[in-house]
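This report refers to the structure that appears directly beneath it.
The values are calculated or read from the model by the stated rules, or taken from the named source; none is laboratory data. Only a predicted model underlies this, so the values are computations on that prediction, with no experimental measurement involved. A quick note on method: Cβ atoms are made from the backbone with ideal geometry, for glycine too, and the neighbour counts reach across all protein chains shown. These accessible areas exclude ligands, DNA and RNA; they are computed on the full protein's heavy atoms, side chains included. Shrake-Rupley method; radii C 1.70, N 1.55, O 1.52, S 1.80 Å.
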Amino acid sequence: MTTAMGAALRRIQLGNALSAFGNGFTVPYLYVYVAKVRDLGASTAGVVLAMLAVSALVVLPLTGRVIDRRGPLPVAVAGTVSAAIGALGLGLSATEPLVIASAVALGAGIAVIQPALATMIVWCSTTVTRSRAFATQFFLNNLGLGVGGLVGGLLVDETHASSFVRLFAIEAVMFLVLGAAIASVRLPRTPKVEDAVPTDERAKGAWRTLFADRRMVRLCVLGFVLFFACYGQFESGLAAYATKVTRIAPSTLGIALAANTAAIVAAQFVVLKLVERRRRSRVMALVGVIWTVAWIAAGVSGLVHGAQVVATTLLVSTYALFGIGESLLSPTVSPLVADLAPAPLIGQYNSAFALVKQLALAVGPAVGALMVGHGMHVAYIGMLVLCALGITVLSLRLGRMLSPAQDDPHRAAPAIPAARPATADQAATAVEPAVAAV
């Protein structure tokens with residue numbers, strides 16, 4: 001049983017790493033490609049970037065219901081096909097309508113892939129192994145993006161559109177590789193757990209069930225603050241603050257982002273050993289403390305004019321501290337979403353949390369860029385310090401609402417009262433015989 005689940009999980013992780021590698025080829029260069037290489041202007045480039053987020057916001061509310069009805073595998077495969085079409089379309093399109101349409105296909109595909117893969121990982125793991133599985137996925141994603149970005153930088157040439165066509169073609173192929181990898185995973189058609197695949201009647205009440213779950217609602221609020229205060233600032237507010245207030249060279253931002261990736265790659269499995277037997281709520285609270293220090297360092301970097309080396313070191317340290325915090329989150333947040341979900345609604349819960357992330361990534365850059373652009377530097381740093389402290393407070397309060405099994409599955413008692421609704425853990429345990437049988 002364990003061997004079959006492990007083989008399926010390894011196949012999913014490998015395909016996911018390759019798709020991240022392909023995505024890393026194009027992410028840093030999309031704006032330049034649309035605005036300058038295709039000569040469509042900055043406004044069109046902005047619309048393209050916005051469409052990536054908007055399309056995700058449109059499809060995610062529907063994705064969870066489809067996953068829970070049809071299973072995660074066909075949804076994931078459909079997402080990879082859409083993403084591949086969008087990536088190749090971006091490379092071949094030379095007009096504004098085609099570029100925007102391609103961005104919609106790419107954004108929708110990537111958005112659909114995320115909760116579908118998360119659900120597949122849940123099905124291929126147990127409560128005890130789930131933290132390591134999600135940590136591995138996060139590690140491989142960042143490694144793939146980092147390596148892809150470096151290799152893409154060696155291949156790209158702003159004076160030749162053909163070099164960008166090559167990058168987008170590679171990205172499209174990597175999405176298809178992901179699709180082929182997960183299509184070959186033998187998941188059970190009917191998991192051996194009662195009502196693991198819900199009927200249409202039960203699926204209709206999925207959102208009502210989720211909103212009635214106070215723990216999941218609290219986790220979604222926490223998730224919004226987490227993503228707003230970190231990922232939502234990387235490419236907008238924090239980058240603008242670094243160049244405008246700290247006055248570092250734009251090229252130094254590449255070093256800062258590399259420090260973020262290096263911190264994740266270096267720390268992920270060391271951190272995992274330290275936290276996998278700790279209470280999840282306490283680990284998330286620690287992230288708030290680390291990010292508070294990170295934002296204070298960023299604020300101080302803007303005050304030490306005349307000591308540019310010190311300012312640059314502080315700014316780069318901010319990105320590295322974010323990476324350490326991200327390493328702490330990867331084995332805690334996604335597994336907790338799965339463990340809160342009733343068995344019939346694992347896809348719905350994963351999709352809802354992905355939707356929260358997309359909302360934060362849509363709001364965060366707009367707020368950050370607006371505040372820094374209007375000279376509200378102190379208010380900007382102050383807001384994010386408060387957000388980081390809020391992460392700690394929200395995490396500790398959430399911990400009081402969690403059961404021992406949800407907050408610390410390694411130390412939880414194995415017995416679960418029969419009267420409680422089926423959880424994602426029970427689904428994963430019951431699925432094992434079916435996985436082994438295929």
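Per-structure values
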{"read-out": "Shape of the stretch 46-162, Cα gyration tensor, a/c cut at 1.5", "value": "oblate"}
{"read-out": "Computed over the stretch 1-106, Kirkwood Rh from alpha-carbon pairs, angstrom", "value": "15.4 Å"}
{"read-out": "Whether the chain is rounded, prolate or oblate, judged on the alpha carbon gyration tensor where a/c under 1.5 counts as rounded", "value": "oblate"}
{"read-out": "Most mobile of 266, 298, 242 in a GNM of the chain (Cα contacts under 10 Å)", "value": "266"}
{"read-out": "Nearest-0.05 FRET efficiency for residue 249 and residue 70, computed from C-beta distance (R0 45 Å)", "value": "0.35"}
{"read-out": "Most fluctuating residue given options 212, 87, 343, as computed from a GNM of the chain linking Cα atoms under 10 Å", "value": "212"}
{"read-out": "Rounded percent of accessible protein surface that carbon and sulfur make up, the chain, 1.4 Å probe", "value": "67 percent"}
{"read-out": "Surface accessible to a 1.4 Å probe, per residue, for the residues of the stretch 43-111, Å²", "value": "38 Å²"}
